[in-house]
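The values are calculated or read from the model by the stated rules, or taken from the named source; none is laboratory data. Values in this document were obtained by computation on a predicted structure and should not be read as measured data. Here the Cβ positions follow ideal geometry from the backbone for every residue, glycine too, while neighbour counts run over all protein chains shown.
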Amino acid sequence: MSRSSIEEVSESGAFARTPSKFRNFVSQDPNSPFPAESGRYHLYIAYGCPWACRCLSYLRIKGLDKVISFTVVKSKWENTKENDEHIGWVFPSSDDEEPGAEPDPINGAKTVLWDKKLNTIVNNESSEIIRMLNSEFNNLAENAALDLYPPHLQSKIDEVNEWIYEGINNGVYRCGFAKKQAPYNEAIEKLYKALDRCEEILSKQRYICGNTLTEADIRLFVTLIRFDEVYAVHFKCNKRLIREYPNLLNYTKDIFQIPDMSSTVNMDHIKRHYYGSHPSMDPFGIIPVGPNTDYSSPHDRSRFSS
């Protein structure tokens with residue numbers, strides 16, 4: 001068994017992500033094994049993890065943070081059990097051990113959607129959790145009218161999600177965790193082809209699927225916000241930075257400035273996680289001091305209709 005995800009590498013030296021194992025679904029149907037109920041579910045998240053922060057973003061912008069509780073893990077991977085070589089997300093032992101992290105009030109669990117009534121994991125696949133949060137809790141959501149996966153755009157969103165995941169979301173990890181030059185070269189080429197494609201699309205419209213905010217934007221944002229601060233250095237994605245793409249930079253600012261989205265970004269946790277959790281890549285855990293891009297500064301995306 002791998003000690004961590006950094007060891008999920010094929011014989012060719014390419015990073016190969018392990019599929020999520022828990023794939024149950026919360027439903028509006030009251031007869032469902034996992035019906036949507038206020039106070040029943042708990043989300044475990046890590047600010048460093050882009051996949052977890054997809055879910056936190058939905059919790060915030062859909063207005064579900066009073067319906068579904070959540071706990072934040074520590075920023076750096078540590079041994080998850082005594083006398084066990086596996087390293088992963090852990091919880092602090094007290095509220096003041098690490099700012100922004102908090103002890104688990106339920107199980108000492110990892111980042112998943114947890115059912116407090118049945119005491120079981122519901123799901124640990126972020127792409128499925130965000131679909132649940134988008135639609136299945138609308139009778140409880142403060143912002144139920146916000147639909148990030150509207151029927152008329154679903155095929156477009158699915159198509160965009162696929163190439164953004166392959167080239168960008170997972171692409172940065174394929175660059176960073178590659179253990180041979182050939183798979184790194186392949187991943188970096190695919191990454192920048194996808195980023196260039198995004199830049200071109202965003203020169204003509206406000207969001208990645210048109211002039212409407214969708215799921216695809218949240219999925220892209222969580223990678224872009226980490227790019228210059230982490231991936232450019234730690235994952236060797238330095239051919240071109242996001243701040244050198246005018247449309248991508250302003251787009252990232254635009255998403256960051258959506259009400260409650262900035263609360264999902266804790267850059268201290270993000271940098272401490274990546275630079276402190278991969279000792280084979282950064283044995284001394286030195287955290288770069290920059291570039292500290294101000295994503296709250298003005299952007300130009302309002303030139304497009306929303």
Members of region 227-257 found to be closer than 19 Å to P298 by Cα and of a type in the set (D, E, K, R), listed by number: D228, R243, E244, K253, D254
In region 231-248, residue farthest from G171 (Cα to Cα) [restricted to those that are under 18 Å from the mean Cα position of the chain (by Cα) and part of a helix (DSSP H, G or I)]: L248
Lone unmet requirement of (1) assigned to a helix (DSSP H, G or I); (2) over 16 Å from I168 (Cβ atoms) for T223: (2)
From the options Y173, Y165, Y192, residue that is in contact with a Phe, Trp or Tyr (Cβ under 9 Å, 6 or more places away or on another chain) and of a type in the set (S, T, Y): Y173
Meets criteria (out of contact with any helix residue (DSSP H, G or I) (no Cβ under 6 Å at 6 or more places or on another chain), of a type in the set (K, R) and within 21 Å of T212 (Cα to Cα)) for K179: no
Every residue from region 265-297 that is outside any loop (DSSP other than H, G, I, E, B), within 10 Å of E229 (Cα to Cα) and small (G, A, S): none
Options A101, A52: the member that is at pLDDT below 55 and either assigned to a loop (DSSP other than H, G, I, E, B) or within 15 Å of I130 (Cα to Cα) (or both): A101
Count - residues of region 207-216 that are surrounded by fewer than 23 Cβ atoms within 10 Å (Cβ to Cβ) and either part of a strand (DSSP E or B) or charged (D, E, K, R) (or both): 2
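Right, T252: under 28 Å from S155 (Cβ atoms), among the polar types (S, T, N, Q) and surrounded by 22 or more Cβ atoms within 10 Å (Cβ to Cβ) or not?
yes
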Some residue of region 54-73 being more than 19 Å from the chain's Cα centre (by Cα), surrounded by fewer than 18 Cβ atoms within 10 Å (Cβ to Cβ) and not aromatic (F, W, Y): yes
Residue list for region 174-185, filter: in a helix (DSSP H, G or I) and buried (at least 20 other Cβ atoms within 10 Å of the Cβ): R174, C175, G176, P183, Y184
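Would region 19-26 turn up any residue that is at pLDDT 95 or above, within 23 Å of A145 (Cα to Cα) and surrounded by fewer than 24 Cβ atoms within 10 Å (Cβ to Cβ)?
Looking through region 19-26, none of the residues is at pLDDT 95 or above, within 23 Å of A145 (Cα to Cα) and surrounded by fewer than 24 Cβ atoms within 10 Å (Cβ to Cβ).
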Selection count, region 137-173, where residues are crowded, with 19+ Cβ neighbours inside 10 Å, of a type in the set (G, A, S) and in a helix (DSSP H, G or I): 2
Residue, surrounded by the fewest Cβ atoms within 10 Å (Cβ to Cβ), within region 272-306, restricted to residues that are of a type in the set (K, R) and out of contact with any helix residue (DSSP H, G or I) (no Cβ under 6 Å at 6 or more places or on another chain): R303
